[in-house]
Amino acid sequence: MKIVGLESIVFGVEDVAGCATFLTDYGLFPVDVTEKGGRFEALDGTSVVLVHSADESLPASIGNGCMMRKTIMGVADQETIDAITAELSKDRDVKTLADGSIESKDDSGFVIGFKVTERKQLTLPGEISNVPGSPFQRPVNHLAVNDDAEQIRPRTLSHIVYFVPDPVKAEAFYVERLGFRCTDRFEGTGPFLQPAGTLDHHTHFLIGAPPFMQGVEHFTFHFGGPTEMMQNGSRFIEKGYQAFWGPGRHIFGSNWFWYFNSPFACHIEMDADMDLHDQNWVPRVATSDADTSQTFLMRYRNKWAPGKDSGKNGAYE
């Protein structure tokens with residue numbers, strides 16, 4: 001099935017204004033935002049959608065305080081919509097909505113939607129580096145850093161991470177019913193899953209957890225490179241938001257990461273430079289621990305410059 005990735009994540013929230021400010025500060029474009037909600041788009045149009053929690057059109061919450069109400073995946077064509085409808089209709093309700101998208105539930109109880117993707121094709125350059133011994137990558141006199149750059153914008157919705165009570169059952173649904181495949185696995189924790197329509201290392205990661213924890217751990221957007229991610233994350237902290245984990249770089253997926261607390265009862269990540277895998281890739285298996293979660297981890301600190309106080313406050317420690 002030609003599922004290309006995440007199209008939108010829908011949250012039911014009470015504080016629409018506060019959540020809107022948060023997502024705008026993160027770098028997303030607000031679209032048609034009112035006191036009832038609105039869309040917040042990346043450069044390719046993938047998005048977070050806010051809806052006031054009192055809106056009766058929202059799917060029911062899964063409980064446990066989870067504010068995510070629906071995950072919408074983009075597909076390549078109407079034939080894929082028809083194929084998913086036929087497959088899921090074998091044992092569950094599938095609704096066809098007014099916009100032509102479909103809605104159902106996965107085997108963990110999360111509401112999932114599918115629509116023909118409307119994401120825009122991006123033709124923007126990514127981050128490149130000058131490396132001794134390598135042909136020129138970044139042109140001569142082309143600066144790698146512009147600290148006066150305006151708001152840095154996420155490029156596309158990357159992935160979502162679910163806490164699920166039965167990761168084996170949850171994985172089987174996405175693999176056997178929707179054509180995903182496991183690219184890597186944390187043994188005893190869960191799989192990283194890639195749909196057939198993308199080369200990204202994963203769009204979903206499933207973490208086994210007790211039923212009272214079921215919900216979303218985090219979601220994230222791709223940025224144009226590690227410099228954009230680090231620069232945007234630093235600005236985010238300077239606006240008063242709280243970092244949770246990072247910055248650093250994962251091993252599975254290789255993506256740079258920086259996680260932050262969010263008003264959505266989950267974390268939000270900024271990421272960059274994820275691995276791409278095709279059918280020739282052989283999944284790895286590792287235990288989930290600090291050594292396998294990241295190849296390195298850094299800690300943010302306030303800006304500093306050398307001077308007479310260079311040896312103080314841990315500058316050289």
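Placing unit charges on the Cβ atoms only, positive for Lys and Arg and negative for Asp and Glu, gives region 1-81 a dipole magnitude near 180 debye about its Cα centre. What value, in deg cm²/dmol to 500, does the helix sum -39500 (n - 2.57) over DSSP H runs of n ≥ 4 give at 222 nm once divided by the residues of the chain? Computed ellipticity for the chain at 222 nm equals -4000 deg cm²/dmol. In this calculation the C-beta distance from Thr85 to Ser254 is compared with R0 = 45 Å, giving a FRET efficiency of 0.80. Each Lys and Arg Cβ is given +1 and each Asp and Glu Cβ -1; about its Cα centre, the chain then shows a dipole of about 560 debye.
Our compactness index for region 177-316, the C-alpha radius of gyration over the empirical 2.2 N^0.38 Å, is 1.21. Checking every one of the trypsin sites (Lys or Arg not before Pro) in region 6-104 against DSSP loop status and a limit of 16 other Cβ atoms within 10 Å picks out Lys36, Lys90, Arg92. If I fit a long axis through the Cα atoms of helix 16-26 and take the longest principal axis of the Cα atoms of the chain, what angle between them do I get, 0 to 90°, rounded to 10? The two axes meet at around 50 degrees. Say a paramagnetic label sat at a point 7 Å from the Cα of Thr96, along Cα to Cβ; which residues of region 67-81 have their backbone N under 16 Å from it? Only 77-81 pass the distance filter. Close amide H contacts of Val116 (hydrogens built in the peptide plane, cut-off under 5 Å, sequence separation of 5 or more or a different chain): Val75.
What is region 1-155 by shape, rounded, prolate or oblate, if you read a ≥ b ≥ c off the alpha carbon gyration tensor as root eigenvalues and call it rounded for a/c under 1.5, prolate for a/b larger than b/c, and oblate otherwise? Oblate, since a/c reaches 1.5 and b/c is not below a/b.
The DSSP beta bridges internal to the chain are antiparallel in roughly 65% of cases. Per-residue Karplus couplings for region 256-269, computed as 6.51 cos²θ - 1.76 cosθ + 1.60 with θ equal to phi - 60°, are listed in order as 5, 9, 7, 9, 9, 5, 9, x, 9, 6, 7, 8, 10, 10 Hz, Gly and Pro entered as x. The modelled label-to-label distance for the pair Trp281/Val168, using points 7 Å beyond Cα in the direction of Cβ, is 2.5 nm. For region 67-147, DSSP calls about 55 percent of its internal beta bridges antiparallel.
With the simple model of a label 7 Å out from the Cα in the direction of the Cβ, Asp148 to Ser293 spans 4.1 nm. Treating r as the C-beta distance of Asn141 and Met213 and R0 as 45 Å, the FRET efficiency rounds to 0.30.
Bridge orientation summary for region 1-149: considering DSSP beta bridges with both residues in this region, about 65 percent are antiparallel. For region 219-229, putting each phi into the Karplus relation 6.51 cos²θ - 1.76 cosθ + 1.60 with θ = phi - 60° gives couplings of 9, 7, 10, 7, 10, x, x, x, 5, 4, 4 Hz, in residue order, rounded to whole numbers and with x for Gly and Pro. Averaged over residues, the count of other Cβ atoms within 10 Å places the peptides 270-279, 289-298 in the sequence 270-279, 289-298, highest first.
For region 59-143, chymotrypsin sites (Phe, Trp or Tyr not before Pro) are listed when DSSP marks them as loop and at most 14 other Cβ atoms sit within 10 Å of their Cβ; the list is Phe136.
Can you tell me the order of 55-66, 205-216 when each peptide is scored by its average per-residue count of other Cβ atoms within 10 angstrom, highest first? Could you put the intermediate results ahead of the total?
Numbers: 55-66: 13.0, 205-216: 17.6.
Answer by packing, highest mean first, reads 205-216, 55-66.
Taking amide H atoms as placed 1.01 Å from N in the peptide plane, the amide H of His204 lies under 5 Å from those of Ile160, Leu193, each 5 or more residues away in sequence or on another chain. In the structure displayed, which of Lys2/Lys239; Lys2/Lys105; Lys36/Lys95 lie more than 28 Å apart, Cα to Cα? Listed pairs above 28 Å: Lys2/Lys239. Here the Karplus relation 6.51 cos²θ - 1.76 cosθ + 1.60, evaluated at θ = phi - 60°, turns the backbone of region 73-83 into coupling constants of 9, x, 10, 6, 7, 5, 4, 5, 4, 5, 5 Hz, with x for every Gly and Pro.
Read the figures in this text as sums done on the coordinates, not as results from a lab. Not measured: the values here are computed from a predicted model. Backbone-built Cβ (ideal geometry, glycine too); neighbour counts: all protein chains shown.
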